[in-house]
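Notes to accompany the following structure.
The values are calculated or read from the model by the stated rules, or taken from the named source; none is laboratory data. Since the model is a prediction, treat every value here as computed from it, not as a measurement. For neighbour counting, all protein chains shown are included, and Cβ atoms are generated from backbone atoms with ideal geometry for every residue, glycine included.
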Amino acid sequence: MSMGQKGSTRMEAQQLAVPATSPSPANLPDDIHAEILVHLPAKSVHRFRSVCKAWRRITTDPRFLAAHPRRRPPEVLMYRYVDSSHCENRPINYAVDVALDALPVSGEVSGWRPLVSYPKFATTSDSTTKRWYHSMPQHCLLLDSCNGVLLFKKAVGSSYFLCNPVTRQWAELPEITVTGRDGHRRAARGVTEYAFYFHERSGEFRLLCDHSSFSVVHGQTNTWYVLSTCAAEPRHVDPHATNIDNLISLLSTATTPLALHGRVHWPPRLIRRGESSTTMEMVAFDTVSEKFHVMAGPPAAAPVRMKMFAMDGLLVAANLGDARQVVELWFLADYGAGRWEHRYRLEVPWGWSTCPDYHPGMSSIAAAADDQGNIILGNQYGSCVYNVRAWMSWAVSYVATPDNGVLMSRHVFRESLVQHPGFHAWSSSADLPLIHFGC
């Protein structure tokens, strides 16, 4: 691989300065304390708030809370399937509980930590203690991660809830409903989720969905909605989706849509135009105008199987190709002009016999980067970290293996202490799934 470019930016300490009302420990200025504290993990920040009033004031200031996530390293989320001792007569090796763990992109095992855990199936107290049965619905399903918030879909209906495992706060999104023949409103079927993102202007987390319905009079119709954390009802939008070819849903995409420059982007795809013409395209959704756009993708050679992540403020498309020898990394060097640069060729961390298939193998491949030049790539058959600044690489295959019940995911997490509007303190309400916190 070729030499990477150093481009780390340093946040000015003045941005974190908080007006002093009482002396801080060691009699240092508040901006120095803020510059030190902002580098600490969220768990340490929580503990240090109890040291003195000055540190509590500094670490609860909105400017500190906004700066802290930018200093935290991104982490790859992993599924750890745990056998439950409370469920009898179930198949051998059939996992019942799911633990969601986080691993730094650098692959440091010392940074491996649990986030949350939850039952895999929507069991009742009777079924949990007496018998496993094959028709159990899934308890909840992780759809995406954005700005330190996890998006889950409940087992029943089109109900979604958001969870910040650091602040232990939660929120629900409004439900898409339809009127039945009896005149009553009920949860709509045929709802597909496409993008989960944070809307900067409103401070809301939003979910872009499509509701597909059929009637004898109108045939099949598709209605697009935006579900927001601070809204009581779904909001109808017209994103001009008719010009978009085969948009991939959150459940099916190899990489969940990536937010950058006020847009969310789907992995580039090879689109066939006519019988002999093909073009590489990337779909983007503008979160301000709420319209879809088609952008030029990288001029990658076929076969094309793309993962996507951000690095040094640039969008990166990783073409796994046949995933047997190398992975090609393309950087969108000029976003406005749509100019892509081919910068790196990385050896794949898995062997020939464990080459991942597109479904479901691509969804179980981790692909992410941090601010130190590290890129992690891999699955349960082999993972590796490549540092494109130091020309180094190291294996992290001990993390997820076919035998330890740990599975890499496509999700990337960056912890946040921000308490967003529309979120509530976690409680033991029966309306909430059985989420247990580990961080």
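Within region 293-308, can one find any residue that is basic (K, R) and modelled with pLDDT of 95 or more?
Here is the first cut: in region 293-308, the ones basic (K, R) are 305, 307.
Narrowing the set further to residues that are modelled with pLDDT of 95 or more leaves none.
The answer is no; no qualifying residue exists.
Looking at region 173-185, I want the residues that are assigned by TED's automatic domain parsing to the domain that holds F196 and have a partner that is outside any loop (DSSP other than H, G, I, E, B) and aliphatic (A, V, I, L, M) with Cβ atoms under 7 Å, at least 6 apart or on another chain. Which pairs are those?
As it stands, the answer is L173/L207; L173/L227; P174/L227; E175/A187; I176/V191; T177/A187, since those pairs meet every condition given.
Does F214 qualify as being under 30 Å from H46 (Cβ atoms), in the same structural domain as R235 (by TED's automatic domain parsing) and of a type outside the set (G, A, S)?
On the way: under 30 Å from H46 (Cβ atoms): no; in the same structural domain as R235 (by TED's automatic domain parsing): yes; of a type outside the set (G, A, S): yes.
Considered against the rule, which asks whether it is under 30 Å from H46 (Cβ atoms), in the same structural domain as R235 (by TED's automatic domain parsing) and of a type outside the set (G, A, S), F214 comes out as no.
Go through (1) touching a residue at least 24 places away in the same chain (Cβ under 8 Å); (2) farther than 30 Å from A187 by Cα; (3) polar (S, T, N, Q) one by one and return the number of the condition T287 breaks.
Failed condition: (2).
Taking G336 as meeting all but one of (1) of a type outside the set (F, W, Y); (2) assigned to a strand (DSSP E or B); (3) farther than 20 Å from T253 by Cβ, write down the number of the exception.
The number of the failed condition is (2).
State all residues of region 208-227 that are part of a strand (DSSP E or B), over 13 Å from P239 (Cα atoms) and of a type in the set (A, V, I, L, M, F, W, C); if no residue qualifies, say none.
Across region 208-227, the qualifying residues are F214, L227.
Report yes if some residue within region 237-250 is touching a helix residue (DSSP H, G or I) at 6+ places or on another chain (Cβ under 9 Å) and part of a loop (DSSP other than H, G, I, E, B); otherwise report no.
Yes, because at least one residue in region 237-250 is touching a helix residue (DSSP H, G or I) at 6+ places or on another chain (Cβ under 9 Å) and part of a loop (DSSP other than H, G, I, E, B).
In region 201-229, what residues are closer than 20 Å to S145 by Cα and in contact with a Phe, Trp or Tyr (Cβ under 9 Å, 6 or more places away or on another chain)?
Matches in region 201-229: E204, F205, R206, L207, L208, C209, D210, L227, S228, T229.
Considering region 213-234 alone, what residues qualify as being surrounded by fewer than 14 Cβ atoms within 10 Å (Cβ to Cβ), at negative phi and of a type outside the set (V, I, T)?
Scanning region 213-234 gives F214, S215, H218, Q220, N222, A232, E233.
Against the definition (in the same structural domain as A259 (by TED's automatic domain parsing) and closer than 23 Å to N147 by Cα), how does F161 come out, yes or no?
yes
Got at least one residue in region 251-266 being in a strand (DSSP E or B), under 17 Å from the mean Cα position of the chain (by Cα) and farther than 24 Å from A333 by Cα?
No, that holds for no residue.
Return the only residue of A300, A254 being touching a helix residue (DSSP H, G or I) at 6+ places or on another chain (Cβ under 6 Å), surrounded by 15 or more Cβ atoms within 10 Å (Cβ to Cβ) and in the same structural domain as F331 (by TED's automatic domain parsing).
A254
Per-residue answers, yes or no, for (1) under 18 Å from Q419 (Cβ atoms); (2) modelled with pLDDT under 50:
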{"site": "K6", "(1), (2)": "no, yes"}
{"site": "T9", "(1), (2)": "no, yes"}
{"site": "Q15", "(1), (2)": "no, yes"}
{"site": "A26", "(1), (2)": "no, no"}
{"site": "E35", "(1), (2)": "no, no"}
{"site": "K43", "(1), (2)": "yes, no"}
{"site": "S50", "(1), (2)": "yes, no"}
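Could you check A241 against (1) surrounded by fewer than 21 Cβ atoms within 10 Å (Cβ to Cβ); (2) modelled with pLDDT of 90 or more and say which number it fails?
Among (1) surrounded by fewer than 21 Cβ atoms within 10 Å (Cβ to Cβ); (2) modelled with pLDDT of 90 or more, the lone unmet condition for A241 is (2).
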